[in-house]
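The values are calculated or read from the model by the stated rules, or taken from the named source; none is laboratory data. This is a predicted model, so every value here is computed, not measured. With ideal geometry, Cβ positions are generated from the backbone for all residues, glycine too; neighbour counts draw on all protein chains shown. Accessible surface areas use protein heavy atoms only, side chains included; no ligands, DNA or RNA. Shrake-Rupley method; radii C 1.70, N 1.55, O 1.52, S 1.80 Å.
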Amino acid sequence: MSARPLHFSDNARRDIAFAVLTAVLFLAVTLAFPGFAAPRNLAGLLDDTAILIMLALGQMLVIMGRGIDLSIAANLALCGMLAALFSRAWPDAGVLPVLVLTLGAGGLLGACNGLLVWKLRLPPIVVTLGTMSIYRGAIYLLSKGAWVNENEMSREFLAFPRHEFLGLTVLSWLSIVVAAAFIVALQRLKVARDLYAAGGNPEAASYSGIDPGRMQFLAYTICGAIAGVCGYFWVAKFAVAYTDIALGFELSVIAACLIGGVAIAGGAGTAAGVVLGCLFIGIIRSSLPLVGISAFWQMFINGLVILVAVLLSARQRQFKRTILEARA
Amino acid sequence: MKAASLLRWESMLAAVLIAAFITFSSLSPYFLSVDTLSDATFNFTERAIVALPLALLIIAGEIDISVAAIIALASVAMGLASAQGVGTAGLVGIGLGTGLLAGCINGALVTIGRVPSIVATIGTMTLFRGAAYAVLGDRVLKDYPDSFATFGQGYLVGPISIELALFVLFAILFGVFLHRTRWGRSIFAVGANPVASRFSGIAVNHYRFALFALTGLFSGLAAVLLTSRLGSTRPSIAQGWELEIISMVILGGVSVWGGKGSILGVVLAALVFGLTTFGLGLMNIPGIVLSIFTGLLLILVVAVPALVNRR
């Protein structure tokens, strides 16, 4: 913990190693199936991974501050339903109100998590486990259990994220913009440095004038807002909204963070690593059918990758620990 | 000091249980009959059987999110074995063995691999559930021998099902083990302060490993009961149960920070959980609405003491 500068070079080294690994995986698939590297296919891959990238970046902030957001997928589903119902009620309202609505509602739901963790110092896993159930239940109450189907959503609502610009969809571009913003902000902004410090050593951080709880609150709120707007994208992409959309997706998001090198104990992680983690999952997912492995293997492979990633990072940490130090 | 506040917590659970009982029996004429109540127990016994060892694990300061995935994996293993003509005794052995093995993998990751338990079990949860999907895909296994149905569908005496009898038996065993033996005291110590426990000669990692193995074994047992009751295996079997089981444990007053909790609390929480789900079902209220109550209750359980302590 004390060797801060060393810590970052470790992160950079890990990111580079992981980038090489992802590139090797990509090259291997391309060598076997030249069609894989076709621009069309890659654009599709990015479009399929875009929501995961944005969610994982939000989740990264929360985990960096020593929290976890299990309610992220339920938040997404609730805001997605809100967006769908809004589109059904006001089909001519356009996309902007939907974006504002989902960002606001998602941010609010995230802020609820953050407030409980900050003001009452409740354990994040219990809080978000609870809000996960509550948000899911709220979708049912809101929709009365019914589906909102494609024909009930306005054309503009459905078309916006799929609209193509320079060969990539708006959704893909958004994920690129968000990723770039995260990479820059995490390195340049003071508040981001504060978040790293608060997660790395909350006590030391509070002595230097940072409120770790407030940092967590911010992280949860941003994560919630991202989840909310992704709810709209999810509903528009799959053209349907119902109670169970994205059920269990929170674990894929957390998996992407872990693969991307975010330390569950807080204080460490890079945006580039998380994006690479998402791309790694995306490449595996889209190459499975090419290799002739059933899509049912995806989850198993994800599990293996997570375990290898966390075992490796645990091994690295071990050298810096004394024998009887408490585990994080 | 802590015993007194825990006692308060358990009497509160008991009060909730009685209130739920009175409410449901006045709202539904079908509720208060032996047959109905006997049916209601099937709602929670399998989950509650896993909640017992999980409570010990959480008291020891660890967590296992992979329990439901272990149930799925064990169920698939039994289904495949049954298709090969393995008999009932063999199937039970395979179910329990798969659970135990999966639990040992978790234990090894946490103790030897030094991976934090939440991360390790998120990984194995994906791995185990993934293995169930990889092996089974969209197929269903349902060629179980007739005698296999006894465990999940049979009755010991009168309206007391084998599942309920097993749960009561294990609840007593776990209660005695946790609250009346040296090992139980050590579990509390490990959860309250692992470093101090290590210094005072408790083999902390042995306890951790054993508790993960135990949780795996009981997930295997739950897989036997659930598979026997349903008579079929899909890879999505017991989906989402990990959260319900963890909720049960936390609702029972076990502290997620480790070092605090009681088996009595977990048993009462399991009863509240099972009775409420069943009662609302009788009143045609869908389970998803109940999840709002569960979620609120879960947060209240940890928020109320935090609010009180702030004053």
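Being in contact with a Lys or Arg (Cβ under 9 Å, 6 or more places away or on another chain) and either away from every other protein chain (no Cβ under 14 Å) or surrounded by fewer than 22 Cβ atoms within 10 Å (Cβ to Cβ) (or both), is that true of even one residue in the stretch B:279-287? Within the stretch B:279-287, not a single residue is in contact with a Lys or Arg (Cβ under 9 Å, 6 or more places away or on another chain) and either away from every other protein chain (no Cβ under 14 Å) or surrounded by fewer than 22 Cβ atoms within 10 Å (Cβ to Cβ) (or both). Contact annotation: no residue pair with Cβ atoms under 6 Å, 6 or more positions apart or on different chains, pairs a residue in the stretch B:284-311 that is under 15 Å from A:Ser133 (Cβ atoms) with a partner that is open to solvent by 80 Å² or more (accessible area, probe 1.4 Å) and of a type in the set (Phe, Trp, Tyr). Restricting attention to the stretch B:126-142, the residues that are open to solvent by less than 40 Å² (accessible area, probe 1.4 Å), outside any strand (DSSP E or B) and more than 7 Å from every other protein chain (Cβ to nearest Cβ) total 3.
Only one entry in A:Ala84, A:Ala146, A:Ala77 is modelled with pLDDT of 90 or more and more than 20 Å from the chain's Cα centre (by Cα), namely A:Ala84. Residues in the stretch A:90-130 that are outside any helix (DSSP H, G or I) and more than 10 Å from chain B (Cβ to nearest Cβ): A:Trp90, A:Pro91, A:Asp92, A:Ala93, A:Gly94. The residue that is farthest from B:Leu211 (Cα to Cα), counting only those in the stretch B:257-289 that are modelled with pLDDT under 85 and aliphatic (A, V, I, L, M), is B:Met283. If you go through the stretch B:242-261 and keep only what is farther than 20 Å from B:Ala20 by Cβ and more than 12 Å from every other protein chain (Cβ to nearest Cβ), you end up with B:Gly259, B:Lys260, B:Gly261.
Would it be correct to say that B:Phe170 is in contact (Cβ under 8 Å) with a residue 12 or more places away in the chain and closer than 23 Å to B:Glu242 by Cα? Criteria met by B:Phe170. When you check A:Leu307 against the structure, is it of a type in the set (A, V, I, L, M), touching a helix residue (DSSP H, G or I) at 6+ places or on another chain (Cβ under 7 Å), modelled with pLDDT of 85 or more and assigned to a helix (DSSP H, G or I), yes or no? Yes; evaluated as a whole, the condition is true for this residue.
I'd like to know if the stretch B:199-207 contains one or more residues that are in contact (Cβ under 8 Å) with a residue 12 or more places away in the chain and either within 11 Å of chain A (Cβ to nearest Cβ) or on the phi > 0 side of the Ramachandran plot (or both). Yes, the conditions are met somewhere in the stretch B:199-207. Against the test of being away from chain A (no Cβ under 14 Å) and at pLDDT below 90, the options B:Val119, B:Val168, B:Val157 yield a single qualifying residue, B:Val157. When you scan the stretch B:83-99, do you find a residue that is among the polar types (S, T, N, Q), away from every other protein chain (no Cβ under 13 Å), assigned to a helix (DSSP H, G or I) and surrounded by 24 or more Cβ atoms within 10 Å (Cβ to Cβ), even just one? The answer is yes; a qualifying residue exists. Among the residues examined, B:Leu307 qualifies as facing another protein chain (nearest Cβ under 8 Å), out of contact with any helix residue (DSSP H, G or I) (no Cβ under 9 Å at 6 or more places or on another chain), surrounded by fewer than 21 Cβ atoms within 10 Å (Cβ to Cβ) and in a helix (DSSP H, G or I).
Taking each residue of the stretch A:288-299 that is more than 15 Å from A:Asn41 (Cα to Cα) and open to solvent by 60 Å² or more (accessible area, probe 1.4 Å) and looking for partners that are in a helix (DSSP H, G or I) and of a type in the set (A, V, I, L, M) with beta-carbon atoms closer than 7 Å, six or more apart or interchain, yields A:Ala295/A:Leu288; A:Phe296/B:Ala134; A:Trp297/A:Leu288; A:Trp297/B:Ala134.
The selection criterion, being over 15 Å from B:Thr111 (Cβ atoms) and either aliphatic (A, V, I, L, M) or surrounded by fewer than 19 Cβ atoms within 10 Å (Cβ to Cβ) (or both), holds for B:Val195. If you go through the stretch B:100-116 and keep only what is over 23 Å from B:Ser232 (Cα atoms), part of a helix (DSSP H, G or I) and either open to solvent by 10 Å² or more (accessible area, probe 1.4 Å) or more than 10 Å from every other protein chain (Cβ to nearest Cβ) (or both), you end up with B:Gly103, B:Cys104, B:Ile105, B:Asn106, B:Gly107, B:Ala108, B:Leu109, B:Thr111. Looking across the stretch B:212-263, just one residue is among the aromatic types (Phe, Trp, Tyr) and not in a helix (DSSP H, G or I), and that is B:Trp257.
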